[in-house]
Amino acid sequence: MSAPIELRLATSDEDVLKVMVVRGIVFIEEQKVDWEGEIDEFENESVHFLGEVEGQPVASGRLRFLDDGRTKVERIAVRPVWRGHSYARDMVRFMLDHAAAQGARRYVMHAQVHLQKFYEDFGFHREGDIFVECGIDHITMVREDD
């Protein structure tokens, strides 16, 4: 049995640093995304999420509330050694619950192609063709709640 993940908003500088560590390990180190592609101009306006297990930062996510009324779900990551425990699923649920509590009803994301089924389980559906972002094949996925 795996230890439970503790999920929260990253509100302190230390929390945000932990989020960036997770993203650095997953996106920059593992997936070879350039620094400039990973850390962008939206960091300060985004809501960051942190998942820890026994004090270790293991998962992250980011939301942006867009001017067109949609909420963009981004930067969901789980460190490789912590995968297989449903932590990504827990993180997405937590993020969507937070967004809904803020009034969000329309969502968009750029998902890596191999994660299409994972996000479909949360009510997202594919829209459009495959495109390359940071050297990785992605698709746009959307969700609208009643």
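Brief remarks on what is shown
- Flag if E38 is modelled with pLDDT under 95, within 22 Å of I139 (Cα to Cα) and of a type outside the set (S, T, N, Q): yes
- Residues satisfying the stated conditions in region 108-146, i.e. in contact with an Asp or Glu (Cβ under 6 Å, 6 or more places away or on another chain) and surrounded by fewer than 12 Cβ atoms within 10 Å (Cβ to Cβ): I130
- Condition check for R89 on (1) over 18 Å from F118 (Cβ atoms); (2) surrounded by fewer than 17 Cβ atoms within 10 Å (Cβ to Cβ); (3) within 15 Å of the chain's Cα centre (by Cα): one failure, at (1).
- Of the helices (runs of 4 or more DSSP H) lying entirely inside region 1-109, those containing at least 3 residues that are touching a residue at least 60 places away in the same chain (Cβ under 8 Å) span 87-101.
- T71 meets all of the listed conditions (1) farther than 17 Å from C134 by Cβ; (2) over 13 Å from the mean Cα position of the chain (by Cα) but one, namely (2).
- Selection status of L66, under 29 Å from D146 (Cα atoms), crowded, with 17+ Cβ neighbours inside 10 Å and of a type in the set (A, V, I, L, M, F, W, C): no
- Being surrounded by 17 or more Cβ atoms within 10 Å (Cβ to Cβ) and in contact with a Cys (Cβ under 7 Å, 6 or more places away or on another chain) is a property that does not hold for V73.
- Of all residues in region 93-103, those satisfying the criterion of being under 20 Å from E43 (Cβ atoms) and surrounded by 19 or more Cβ atoms within 10 Å (Cβ to Cβ) are M95, A99.
- When restricted to residues that are part of a strand (DSSP E or B) and either closer than 16 Å to K72 by Cβ or in contact with a helix residue (DSSP H, G or I) (Cβ under 6 Å, 6 or more places away or on another chain) (or both), region 131-146 contains 10.
- Among the residues of region 9-28, those that are loosely packed, with under 12 Cβ neighbours inside 10 Å and of a type in the set (D, E, K, R) comprise D13, E14.
The values are calculated or read from the model by the stated rules, or taken from the named source; none is laboratory data. Computed from a predicted structure; not experimentally measured. Note that we place each Cβ from the backbone using ideal geometry, even for glycine, and neighbour counts take in every protein chain shown.
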